[in-house]
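J.: My structure is below; once you've seen it, I'll send some questions.
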Amino acid sequence: MIYYNNICQLQTSHHDLDLMDRIKKAIPNQLSYARSFWAEHRQFAAIDADILKEVKDFLRWLEVLSLIKKVITPLPALILISEW
């Protein structure tokens with residue numbers, strides 16, 4: 001599995017004028033599709049209890065962050081975890 005960190009090579013978190021160009025160069029259609037529809041495709045795969053527990057925990061985490069209006073929080077956390 002390939003993990004991406006700062007896939008568009010952005011210098012800051014501020015809006016980048018050429019963001020759309022960077023996205024087109026850095027994220028091929030296949031990757032965009034895979035990231036957008038992974039859950040739908042996962043439904044056809046065999047159930048793995050360990051993975052299912054992790055996904056449920058992750059979704060609960062996102063739900064709590066959403067309710068306390070901190071939805072942006074997962075991004076830095078996910079980057080830290082991927083680097084770990």
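The values are calculated or read from the model by the stated rules, or taken from the named source; none is laboratory data. Keep in mind it's a predicted model, so treat the numbers as computed, not measured. Positions of Cβ are backbone-derived with ideal geometry, glycine not excepted, and every protein chain shown enters the neighbour counts.
J.: If you scan the range 27-47, which residues turn out to be within 20 Å of LEU59 (Cβ to Cβ) and either under 15 Å from the mean Cα position of the chain (by Cα) or assigned to a helix (DSSP H, G or I) (or both)?
T.: Residues satisfying the conditions are ALA34, ARG35, SER36, PHE37, TRP38, ALA39, GLU40, HIS41, ARG42.
J.: Of all residues in the range 23-43, which are over 15 Å from VAL55 (Cβ atoms) and surrounded by 11 or more Cβ atoms within 10 Å (Cβ to Cβ)?
T.: Once the filter is applied, which keeps residues that are over 15 Å from VAL55 (Cβ atoms) and surrounded by 11 or more Cβ atoms within 10 Å (Cβ to Cβ), the range 23-43 yields ILE23, LYS24, LYS25, ALA26, ILE27, LEU31, SER32, TYR33, ALA34.
J.: Among the residues of the range 48-84, which ones are part of a helix (DSSP H, G or I) and among the hydroxyl-bearing types (Ser, Thr, Tyr)?
T.: Selection gives SER66, SER82.
J.: Let me ask you something else. For residues in the range 48-72 being within 24 Å of ILE23 (Cβ to Cβ) and under 12 Å from the mean Cα position of the chain (by Cα), which is surrounded by the fewest Cβ atoms within 10 Å (Cβ to Cβ)?
T.: In this case the residue turns out to be ILE72.
J.: Just to be sure I understand the filter: pairs with C-beta atoms under 8 Å, separated by 6 or more residues or on different chains, first member in the range 9-35 and outside the structural domain of ILE79 (by TED's automatic domain parsing), second member exposed (fewer than 11 other Cβ atoms within 10 Å of the Cβ) and modelled with pLDDT under 75. Which pairs pass?
T.: Close Cβ pairs satisfying both conditions: ARG22/GLN9; ALA26/GLN9.
J.: Which ones in the range 7-26 are over 16 Å from the mean Cα position of the chain (by Cα), in a helix (DSSP H, G or I) and at pLDDT below 80?
T.: LEU19, MET20, ARG22 - these are the residues of the range 7-26 that are over 16 Å from the mean Cα position of the chain (by Cα), in a helix (DSSP H, G or I) and at pLDDT below 80.
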